[in-house]
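Input: a single structure, listed below in structure tokens.
Laboratory data are not the source of any read-out in this text; all were calculated from the coordinates shown. Just so it is clear, the structure is predicted and the values come from calculations on it, not from any experiment. Virtual Cβ from ideal backbone geometry, glycine too; neighbours counted across all protein chains shown.
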């Protein structure tokens, strides 16, 4: 595809030779002379001079470049994401229900659904239009799924769960399995029935082998546009707001409340009943044992203000010499000690 | 259901109007005027005055309340758990074997089993009475499962594993996959055959996408009544005692020994060959590199006594000022430095 | 099997009575008088005197033992691994394609394949010779799998992924699910198509419920002989070298570069775009936010040199008394403060 055509499809300003033939996309350090790349983060700007790419997607105010063409557009990272789609065709799943799908007679499947081999759909399930349900997906009884539901092989939606429109489940994602709820009876644990559904609003994506548990009472709720990465645990009765990211292996204990536009980086843990305010960010591996204010950036365990944590961990490496100096000082000031 | 009927079904003492109609259960902050709630933890007692609930389940010695009915009963949390069951009917699975189940002729399935669509059961498998085996469960050859075995869709039990009575597997739980055992051969790794089964005693529950590996030699063993949460890793050859809780994303390395009535909170890790004594508790994200005494409460990494850890992390936030003070002191006491 | 026969099969030097009948293998503390055990780590040498085992596999220079036979051989741990195989027969899967397998007409399956019940294989898939594909495995369109591919029940290989020879997937392993890639659009997140395959070289093993994501651009790559344990997350676009071990619950964020012969112990996390040099080791739960030098041994979060970390965590437990001493000193040297 000619660079000029890419520019026109993206609505980007082209500076340089539009006739060059582009065959694909790549990161700035790996790009070949027939590929297009991008610079979204100013700290990578110096690489613009050394890249072999034919062209670079940049923000409109990016400095002029010699020798390499630029496509200038606001939110160039998003434009780059679009560019990938110009060169890659994901598998298409045409409407049709595989002969081996076991669908209860009481289930209602919307128009133009693709239902793959060995899919099992239980009683009273409702699925919206244009769903793609790949092999081995299991939908338990009473679940309600919106339009354009997309389930990869081995996804599971448990009984009575409700999913909005445009929800995507990657392989092995489990929505609505029993929460970890037991009551003590002497030294034994008695299971508490998990009566509440998991509810996913529109445009939620849950990635591979992640688990969003159902609730013992009430419901577990994920807000519109939130994205949940691989191997994440969302405990029973938790609430996650809108457009929040839970990165890989994050764990939310039961009844956690996470706000809108929060980012919990990889392996972060949040204790039960904690509230994480809107727009807060927790850096990787943070452990959150108590409420986090809206907009806060926290790190460490127990999680604290990120800048304070950075100062403390810098001092942490000096702890042995601090201990030694302190002993010396004590001897100096109190020679009889 | 009238409040008086709930009281009578639970065997609780009713204080207040038993004629009020209860339609469901809820947490104390979310309860509506037609719902019943509970206070098991005294720190929530003040909420008894502000809740909108029609009635509260409390311990027998809970102070008298004005305006809100109470049901008084020992272990009111357990009673609350029972109350949930009065208002929620979980799906029922009637006996019968789905036409698509592939069951080896040599397998012995007990009476009244429910075997769902696309279940695969291998040679020489034995399953007790009253089992519920939901779609896509795979039981490998030679596995032995007790009475009332309950497997949710996509659970797996590997070859020769043995499960007691009343074992429940949530979706995607994997019992007896190969342990992570390799011997060095130069810079390469040679796989060690994992010859030992995973053995789960009575009343063990393993939740979604958790993995209990088989052993290279001997066996991996989970004691009666223990509960294993989502995404937990139990390494090969580990031993877990009775009535122990492994919360979400806990990881036990190989040959770990965890005692009875232990609680490992979310994301705790235990190193190989460590022993965690009976009744010990590790708070969330603790890392346990060495043995933990019975009854100990530990935190942090490396895990230490919880109270000591709390004091140390409190001081940790003051490390930068400690470093600064120390420098000042050194200059004061040794001006020539 | 007589001990002398084991010695001869292993090519080990027998010291002691070769006529004793051995019925199995066990760890040194659990071995019975009819079992064989091993001592690979010199710190367990004292147990040679107390073990009940009939014989011990040891390195050639192990001190002479009274009363217990020894089999002397270099890399005795590897020899022990071989010994396990003498006493355990893993299930065999004979060639044949189950009647319920759904295999696209355009797929090419090599000779002598075992394809189990309810396996689904998509269009244009190529599988090498001697593959074993157990029930419920799903191979998406365009995937290419080498000789002796072994997939346990519920494994998934996504579209266009490429696996070398002798690759093993344990149950629920997901190769090539979508990476966690979104571009901001105001407060919303727009999905970035994940166009690049996950590529596993020869002899890679991926264990239960682990996830190796596909890449947005380029590919995600795992080098020959590397082993990936249960519940590990390999983020999109990451590169892992040869003969590297990623232990259980390790998480690699996107575009991580991990070298050859690296060992990341359980629950380690590596931030995006970090490089971990060849031969580096990170102890359990380490968090790696920046590059790690080849051969380094790192611990803690943020990860630092292991010896420095050991000194710092030793001092950490003394922080409260350090804080108190510092206050005392300040009062002593500056009484007016």
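Rounded to the nearest 5, the antiparallel percentage of DSSP beta bridges internal to chain C is 15%. Per-residue shielding of B:264-274, expressed as the average number of other chain Cβ atoms within 10 Å of the residue Cβ, stands at 5.
If you sort the three axes of the alpha carbon gyration tensor as a ≥ b ≥ c, you get a/c of 1.5 or more for the range A:98-146 and a/b no higher than b/c, which makes it oblate.
With the Cα gyration tensor of chain A giving a ≥ b ≥ c as the square roots of its eigenvalues, does the rule (a/c under 1.5 for rounded; else a/b larger than b/c for prolate; else oblate) give rounded, prolate or oblate?
Values: a/c = 2.80, a/b = 1.04, b/c = 2.70.
It is oblate, given that a/c is not under 1.5 and a/b is not larger than b/c.
Note the full-extension length gain between residue C:20 and residue C:290 as 0.36 nm times their separation in residues minus their Cα-Cα distance, in nm to one decimal. Please list the in-between numbers first.
Details: separation 270, 0.36 × 270 = 97.20 nm, distance 5.57 nm.
Length difference between fully extended and current span is 91.6 nm.
If we count other beta carbons within 10 Å of each Cβ, what is the order of B:88, A:118, B:140, fewest first? Walk me through the numbers before you get to the answer.
Numbers: B:88 16, A:118 28, B:140 25.
So the ranking, lowest neighbour count to highest, is B:88, B:140, A:118.
Take each residue in A:199-211, count the other chain C-beta atoms within 10 Å of its C-beta, and the mean is 5.
What's the ranking of C:191-201, A:199-209 by average number of surrounding C-beta atoms within 10 Å, highest first? Walk me through the numbers before you get to the answer.
Working: C:191-201: 23.7, A:199-209: 26.2.
Packing order, densest peptide first, comes out as A:199-209, C:191-201.
Test of understanding: extend the Cα→C-beta vector of residue C:64 to 7 Å, then name every residue of the range C:1-30 with backbone N under 19 Å from that spot. The answer is C:13-18, whose backbone nitrogens lie closer than 19 Å to the label point. The simple spin-label model puts a point 7 Å past each Cα toward its Cβ; for residue B:332 and residue B:40 those points are separated by 5.2 nm.
Using the Cβ-Cβ distance between residue A:85 and residue B:85 with R0 = 30 Å, the FRET efficiency computed as 1/(1 + (r/R0)^6) comes to roughly 0.05.
Think of it as helices only: each DSSP H run of n ≥ 4 in chain A is worth -39500 (n - 2.57), and spread over all residues that comes to -4000 deg cm²/dmol at 222 nm.
With both residues required to sit in the range C:224-310, DSSP beta bridges show an antiparallel share near 10%. Considering the zone a paramagnetic label at residue B:75 would reach in this model (a point 7 Å from Cα along the Cα-to-Cβ line), which residues of the range A:163-194 have amide N under 15 Å from it? Those under the cut-off are A:182-193.
Given a Förster radius of 25 Å and the C-beta distance between residue C:305 and residue C:263 as r, what FRET efficiency does 1/(1 + (r/R0)^6) yield to the nearest 0.05? Mind showing how you got there, number by number?
Values: r = 16 Å, r/R0 = 0.64.
Between residue C:305 and residue C:263 the formula returns 0.95.
GNM on chain B, alpha-carbon springs under 10 angstrom: the most fluctuating residue among B:41, B:243, B:230 is B:41. Contact order, relative form, for the range A:95-231: 16 percent (alpha carbon pairs under 8 Å, 6 or more residues apart, mean separation divided by residue count). The listed peptides A:177-183, A:247-253, ordered by packing as a protection proxy, come out as A:247-253, A:177-183 (highest mean of other Cβ atoms within 10 Å first).
Just the number, please: percent antiparallel of the DSSP beta bridges in the range C:95-231, rounded to the nearest 5. All intermediate terms of the calculation are to be shown ahead of the outcome.
Working: 5 of 38 bridges.
Expressed as a percentage, antiparallel bridges in the range C:95-231 total about 15.
Peptide A:112-118 has a mean of 4 when you count, residue by residue, the C-beta atoms of other protein chains within 10 Å of its C-beta.
The radius of gyration of the Cα set in the range C:140-227, together with its Dmax, comes out at 13.8, 48 angstrom. From the square roots a ≥ b ≥ c of the eigenvalues of the alpha-carbon gyration tensor of the range B:3-87, which class results: rounded (a/c under 1.5), prolate (a/b over b/c), or oblate? Since a/c stays below 1.5, the shape of the range B:3-87 is classed as rounded.
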